[in-house]
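The values are calculated or read from the model by the stated rules, or taken from the named source; none is laboratory data. Predicted, not measured: the structure shown is a model, and the values here were computed from it. In this analysis, Cβ positions are derived from the backbone assuming ideal geometry, glycine residues included, and neighbour counts consider all displayed protein chains.
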Amino acid sequence: MGPHKREDREKIASPCQTWLTAYVDGELTDEERARVEAWLTRNPEVRAEVEAQQHLKALCERCPVPGPDALAWDDVLARVESALEAASTENLQPRLRPLRPSPPQSVALGRLGCGGSGPSAGALAWPSACPTR
Amino acid sequence: MRRGGGKRWRSYSGVTRVAAYRVACRLLGNEADALDAVQEGFVKALTHLGGFQRRSSFKTWLLRVVSNAALDLGRQRGRREAVSLEAAEVRNADLSLLLVPDESAARLDRAELRRLLDQALQTLSEPQRQTFVLHAEAGLSYREVAEVMDISIGTVMSRLYYARQKLRNYLASA
C-alpha cells in the first residue's frame, strides 16, 4: 500500500460529517444542498458545526500564501532549466518513485457519488440520521 | 529534452506553478524549502513526462509530483522541529481570536495568521495535510484531489473533515 493510501488506523468520518464538509465546500448539487439546508434548520447543533467549518475556511482564505519573490522565482526557473539540460546531456535522470497510474474513479457522484435522484449506492449512501428526502 | 529546447516548459507550467508553490509552501512552512521542492518537483515531472498518462490534467499531475517532492523534502529536513522553533515566535499570540466568527481576528495581521496556520497544519497527519492543502491552497475540487492522491472522494471528504476538526481544536486550545 502506497504512502497515500488510507492508513489502517485512519478514522473514517461518518456520512453525515462528510456531507457537511461537502456542503461547506460547495461540492453538492442544488438538490443535495437544499436537503442539507432543510436538515440544518431542524438541527441547530449541526448548523453550529457548519458555521465553525465555514469560519475556518474563511480564515484560510483570508491569508493565502503570497507568491514567491520574483528574483527567487527566476532563480528556480533557471535551476530547473539547468537541471533539465544536465539530465539531457549526461543522460542522468533523478531516481524517481514510480508514479502510480490513477485508477478510474469508481465514484461517479454527480459530483459526490450522487446521481440526479439522490445519493447512489457506493461511497456515500444517504444516512437515515442525515437530512431526509 | 534537448539542450536549448527546455524553455518550452515555462509556458505550460506557468498556469500551475504558482499553485504548486503555494502547496509546497503550506506543506513545508517556509519559502526557501518550498522553492526547493518546486524545483525538485518540476525537474522530476519534466524528465518523466512519459509518466503523464493524460488520465488527469497536467495541472493535477504536476501538483502530485510537487506535493510529493515537498513531503519528501520535509521528511529529509525534519520539518516538525523547524516548525516548533518557529512557533515559539508566535506563542504569545491570542490564538483563540482566530476562532471567533467576527472581526476580532482582524487584529492579527495576515503574516501572523499565516504563521499560526502553518503551525496548526503541522499537527495534521501527512495524508490529512496534503489533502487539506491541495483543496484549500491549490483550489482543487474533491475529484481532482482524489486523482492527485490516488484515493476515493469519500476519503478526501473524510480527511478534510478531520483536518478541520484538528485545526479548530489546535487553535482553540493554544
Can you pull out every residue in the range A:9-32 that is under 20 Å from B:Gly139 (Cα atoms) and in a helix (DSSP H, G or I)? A:Thr18, A:Trp19, A:Leu20, A:Thr21, A:Ala22, A:Tyr23, A:Val24
Checked against (1) within 14 Å of the chain's Cα centre (by Cα); (2) surrounded by fewer than 24 Cβ atoms within 10 Å (Cβ to Cβ); (3) at pLDDT 90 or above, B:Leu160 satisfies every condition except (2)
Inter-residue pairs, beta-carbon under 6 Å, first free of Cβ contacts under 8 Å to residues at least 40 places away in the same chain and in the range A:62-87, second among the charged types (D, E, K, R) and in a loop (DSSP other than H, G, I, E, B), 6+ apart: A:Glu85/B:Arg3
Within the bounds of the range B:148-155, is there any residue that is buried (at least 19 other Cβ atoms within 10 Å of the Cβ), more than 7 Å from every other protein chain (Cβ to nearest Cβ) and modelled with pLDDT of 90 or more? yes
Scan the range A:13-27 residue by residue and report those that are touching a Cys at 6+ places or on another chain (Cβ under 8 Å) and of a type in the set (A, V, I, L, M, F, W, C). A:Cys16, A:Trp19
Filtered residues of the range A:16-30 (kept if more than 9 Å from every other protein chain (Cβ to nearest Cβ) and touching a residue at least 24 places away in the same chain (Cβ under 8 Å)): A:Cys16, A:Tyr23, A:Leu28, A:Thr29
Residue hits (the range B:163-174; within 7 Å of chain A (Cβ to nearest Cβ) and buried (at least 21 other Cβ atoms within 10 Å of the Cβ)) are B:Arg164, B:Leu167
What residue, among those in the range B:104-121 that are surrounded by fewer than 20 Cβ atoms within 10 Å (Cβ to Cβ) and more than 11 Å from chain A (Cβ to nearest Cβ), is modelled with the lowest pLDDT? B:Ser104
B:Leu134 passes all but one of (1) over 15 Å from the mean Cα position of the chain (by Cα); (2) more than 10 Å from chain A (Cβ to nearest Cβ); (3) at pLDDT 95 or above; which number fails? (1)
